[in-house]
Amino acid sequence: MRIIRERKPRLQIARTPLEPQYWSVHTHSRYSVNDAMPSVNEIVERAAQLGQKGISLTDHGNMAGAVELSTAARKNGIAPFTGSELYLVPDLPAFRDGYRERGRKSVTYHLGVTAYSTEGYENMVNLSTLTHKNFFHKPRVDFAMLAQLAEDGRTGGLAVTTGCFFGFAVQSLIERGPEATKSFLATLESWFPGSVSVEIQNHHIEHAETGGEWNDDRVADAMVEIADEMGLPVVLSQDSHYVHPEDKSDHEALKALIAFGPDPDEAVFPGDGFHMVDDAWMLEHHGRARYERGIEGLQHLLDRNTLSIPVLDTYSYSVPEVVSSPQRRMEERVHSALHSHFEKQGKKVPQKYLDRMDVEFEVIEASGMAGYMMLVALVTDHMRENEIVYQTRGSAAGSLVCWMLGISNVDPIRWDLRFE
């Protein structure tokens with residue numbers, strides 16, 4: 001779908017300081033690859049600067065930033081919501097067939113899902129795993145999968161938001177009318193009872209592909225009307241893909257670089273900004289009635305947040321102990337392998353090999369990496385014994401120790417390779 005960048009005149013409202021009530025339920029980090037820029041820490045720090053009480057991370061099709069979000073939010077006294085903006089198709093088998101016939105013209109919709117409790121986090125991980133098990137160009141979910149999750153009791157603690165302009169709810173409204181949207185929302189509500197919110201955005205975009213019939217303001221008003229008729233909460237959102245307004249040009253450069261079509265401008269986001277915003281911005285873009293309606297929904301969601309991931313409080317990386325003294329065991333094995341290698345050729349070990357070996361031993365001991373080297377060797381031993389093909393990459397591939405441990409199979413002295 002092509003969007004022409006046209007703006008309607010903005011209502012100018014004095015930006016007086018407001019008590020922070022808005023928080024972002026729709027946020028993208030750099031884990032939305034090729035689509036967003038900031039790190040999770042930058043997002044949380046900006047939310048804290050704005051005095052916001054919650055933050056939901058909804059990267060496209062993944063939860064890669066979940067642990068970072070939980071840790072950073074806890075440090076800043078902000079309630080974390082770990083989620084994802086899912087790639088939704090009505091029927092995945094039919095979508096696969098259509099994609100093979102029509103390629104990129106096959107439509108994928110967006111749907112926001114975020115966890116507000118520990119049970120929800122576990123269910124969110126399960127849902128994200130399911131989408132990756134059904135990976136087809138992207139991790140995807142369809143209606144049948146969501147229905148099955150509900151039947152299995154795996155939707156508790158999850159809040160659903162209807163998403164951006166490309167969400168199924170909004171596209172149903174535009175293509176088939178409000179009754180189609182109501183039907184979809186009723187179905188969602190049956191799967192996620194009491195946890196569906198109608199999401200409204202306003203980036204001041206005129207959607208030219210609708211024949212001039214729809215712009216962000218009209219979509220937002222229509223979605224609020226549907227929410228009122230169905231008794232559903234409304235949440236305000238800003239589809240943020242970068243932190244500050246001045247990052248807009250950098251984001252546009254990123255989108256132009258990864259554009260698929262012949263016109264790079266088609267990939268650039270329209271509207272007046274996709275940055276993290278405050279209450280004054282939201283009030284200015286929505287007016288008092290929509291602002292208060294959306295804040296009410298955000299507060300309802302915030303009040304439900306009990307999310308914690310207890311394992312993170314005491315978590316530390318645990319490297320198994322292969323031997324009691326990995327450095328000594330490593331040196332013994334390398335010594336033995338090196339002498340055996342040259343004895344098979346009827347030669348003594350050349351001094352330059354011994355010198356290189358001693359240098360590497362010193363570096364490995366100083367960096368405390370002997371245990372890691374022996375652990376990797378344990379894995380590669382198993383792979384060779386079971387005729388599993390593997391390859392070594394990185395600067396350590398030039399290591400004499402790696403060669404003698406069987407991690408690599410290249411003589412670094414003969415080929416003048418460096419050990420970093």
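The values are calculated or read from the model by the stated rules, or taken from the named source; none is laboratory data. Note that the structure is a prediction, hence the values are computed from the model and not measured. Methodologically, a virtual Cβ is constructed for each residue, glycine included, from the backbone with ideal geometry; neighbour enumeration extends over all protein chains shown. These accessible areas exclude ligands, DNA and RNA; they are computed on the full protein's heavy atoms, side chains included. Shrake-Rupley method; radii C 1.70, N 1.55, O 1.52, S 1.80 Å.
Within the range 50-106, how many residues turn out to be in contact with a Pro (Cβ under 7 Å, 6 or more places away or on another chain), over 18 Å from Asn305 (Cα atoms) and assigned to a strand (DSSP E or B)?
1
Conditions (1) under 29 Å from Ile295 (Cβ atoms); (2) open to solvent by less than 10 Å² (accessible area, probe 1.4 Å), marked per residue:
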position	(1), (2)
Thr27	yes, yes
Met37	yes, no
Glu42	yes, no
Ala47	yes, yes
Gly51	yes, no
Leu69	yes, yes
Thr108	no, no
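Can we say Asp416 is open to solvent by less than 30 Å² (accessible area, probe 1.4 Å) and more than 19 Å from Glu332 (Cβ to Cβ)?
The answer is no for Asp416.
Residues are listed down the side, and each one gets a yes or a no for (1) closer than 26 Å to Leu307 by Cβ; (2) touching a residue at least 40 places away in the same chain (Cβ under 8 Å); (3) among the aliphatic types (A, V, I, L, M):
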| position | (1), (2), (3) |
| --- | --- |
| Leu149 | yes, yes, yes |
| Gly157 | yes, yes, no |
| Thr161 | yes, yes, no |
| Phe165 | no, yes, no |
| Phe168 | yes, yes, no |
| Ser190 | yes, yes, no |
| Gln201 | yes, yes, no |
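Can you tell me how many residues within the range 138-159 are under 23 Å from Asp239 (Cα atoms), out of contact with any Gly (no Cβ under 7 Å at 6 or more places or on another chain) and among the hydrophobic types (A, V, I, L, M, F, W, C)?
Summing the residues that are under 23 Å from Asp239 (Cα atoms), out of contact with any Gly (no Cβ under 7 Å at 6 or more places or on another chain) and among the hydrophobic types (A, V, I, L, M, F, W, C) in the range 138-159 gives 2.
Return the only residue of Val89, Val125 being touching a helix residue (DSSP H, G or I) at 6+ places or on another chain (Cβ under 9 Å), more than 17 Å from Gly194 (Cα to Cα) and crowded, with 18+ Cβ neighbours inside 10 Å.
Val89
Which condition does Leu69 not pass, out of (1) out of contact with any helix residue (DSSP H, G or I) (no Cβ under 8 Å at 6 or more places or on another chain); (2) within 16 Å of Ser24 (Cβ to Cβ), if it passes all the others?
For Leu69, the failing item is (1).
Specify the residue that is farthest from Val349 (Cα to Cα); the eligible residues are those in the range 381-414 that are among the polar types (S, T, N, Q) and within 31 Å of the chain's Cα centre (by Cα).
Gln391
In this structure, is Tyr315 among the aromatic types (Phe, Trp, Tyr), over 24 Å from Arg46 (Cβ atoms) and either modelled with pLDDT under 95 or in contact with a Phe, Trp or Tyr (Cβ under 9 Å, 6 or more places away or on another chain) (or both)?
Against the criterion (among the aromatic types (Phe, Trp, Tyr), over 24 Å from Arg46 (Cβ atoms) and either modelled with pLDDT under 95 or in contact with a Phe, Trp or Tyr (Cβ under 9 Å, 6 or more places away or on another chain) (or both)), Tyr315 qualifies.
Sort through Met330, Met357 and tell me the only one that's over 21 Å from Asn202 (Cα atoms), surrounded by 17 or more Cβ atoms within 10 Å (Cβ to Cβ), without any contact (Cβ under 8 Å) to a residue 60 or more places away in the chain and touching a helix residue (DSSP H, G or I) at 6+ places or on another chain (Cβ under 6 Å). Break it down stepwise before answering.
Values: Met330 fails: without any contact (Cβ under 8 Å) to a residue 60 or more places away in the chain.
The conditions single out Met357.
Between Gly156, Gly163, Gly83, Gly177, which is under 23 Å from the mean Cα position of the chain (by Cα) and under 21 Å from Asn202 (Cα atoms)?
That would be Gly163, the only listed residue that is under 23 Å from the mean Cα position of the chain (by Cα) and under 21 Å from Asn202 (Cα atoms).
Name the single residue that is surrounded by the most Cβ atoms within 10 Å (Cβ to Cβ) among those in the range 370-396 being modelled with pLDDT under 90 and either in contact with a Phe, Trp or Tyr (Cβ under 9 Å, 6 or more places away or on another chain) or of a type in the set (Lys, Arg) (or both).
Checking each candidate, the answer is Ala396.
Here is a yes/no grid of residues against (1) modelled with pLDDT of 95 or more; (2) over 24 Å from Tyr31 (Cβ atoms); (3) under 22 Å from the mean Cα position of the chain (by Cα):
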{"position": "Ser237", "(1), (2), (3)": "yes, no, yes"}
{"position": "Tyr242", "(1), (2), (3)": "yes, no, yes"}
{"position": "Ala259", "(1), (2), (3)": "no, no, yes"}
{"position": "Asp263", "(1), (2), (3)": "no, yes, no"}
{"position": "Pro270", "(1), (2), (3)": "no, no, no"}
{"position": "Met282", "(1), (2), (3)": "yes, yes, no"}
{"position": "Arg288", "(1), (2), (3)": "yes, yes, no"}
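Would it be correct to say that Ser195 is of a type outside the set (Asp, Glu), over 19 Å from His60 (Cβ atoms), under 24 Å from the mean Cα position of the chain (by Cα) and open to solvent by 20 Å² or more (accessible area, probe 1.4 Å)?
On the way: of a type outside the set (Asp, Glu): yes; over 19 Å from His60 (Cβ atoms): yes; under 24 Å from the mean Cα position of the chain (by Cα): yes; open to solvent by 20 Å² or more (accessible area, probe 1.4 Å): no.
When the stated conditions are applied, Ser195 does not pass them.
Take the residues in the range 342-354 that are over 48 Å from the mean Cα position of the chain (by Cα) and in a helix (DSSP H, G or I); name whichever of them is surrounded by the most Cβ atoms within 10 Å (Cβ to Cβ).
My answer is Phe342.
Within the range 376-383, does at least one residue satisfy the condition of being in a loop (DSSP other than H, G, I, E, B) and either in contact with a helix residue (DSSP H, G or I) (Cβ under 7 Å, 6 or more places away or on another chain) or more than 15 Å from His335 (Cα to Cα) (or both)?
no
Go through Ala180, Ala186 for me and flag whichever is in contact (Cβ under 8 Å) with a residue 40 or more places away in the chain and of a type in the set (A, V, I, L, M, F, W, C).
Exactly one residue qualifies, and that residue is Ala186.
Restricting attention to the range 212-252, report how many residues are in a helix (DSSP H, G or I) and without any contact (Cβ under 8 Å) to a residue 24 or more places away in the chain.
Qualifying residue count, the range 212-252: 5.
Return the residue satisfying two criteria in turn: it lies in the range 160-192 and is surrounded by 20 or more Cβ atoms within 10 Å (Cβ to Cβ) and among the small types (Gly, Ala, Ser), and of such residues it is farthest from Val234 (Cα to Cα).
Filtering the range 160-192 for residues that are surrounded by 20 or more Cβ atoms within 10 Å (Cβ to Cβ) and among the small types (Gly, Ala, Ser), the one farthest from Val234 (Cα to Cα) comes out as Ser172.
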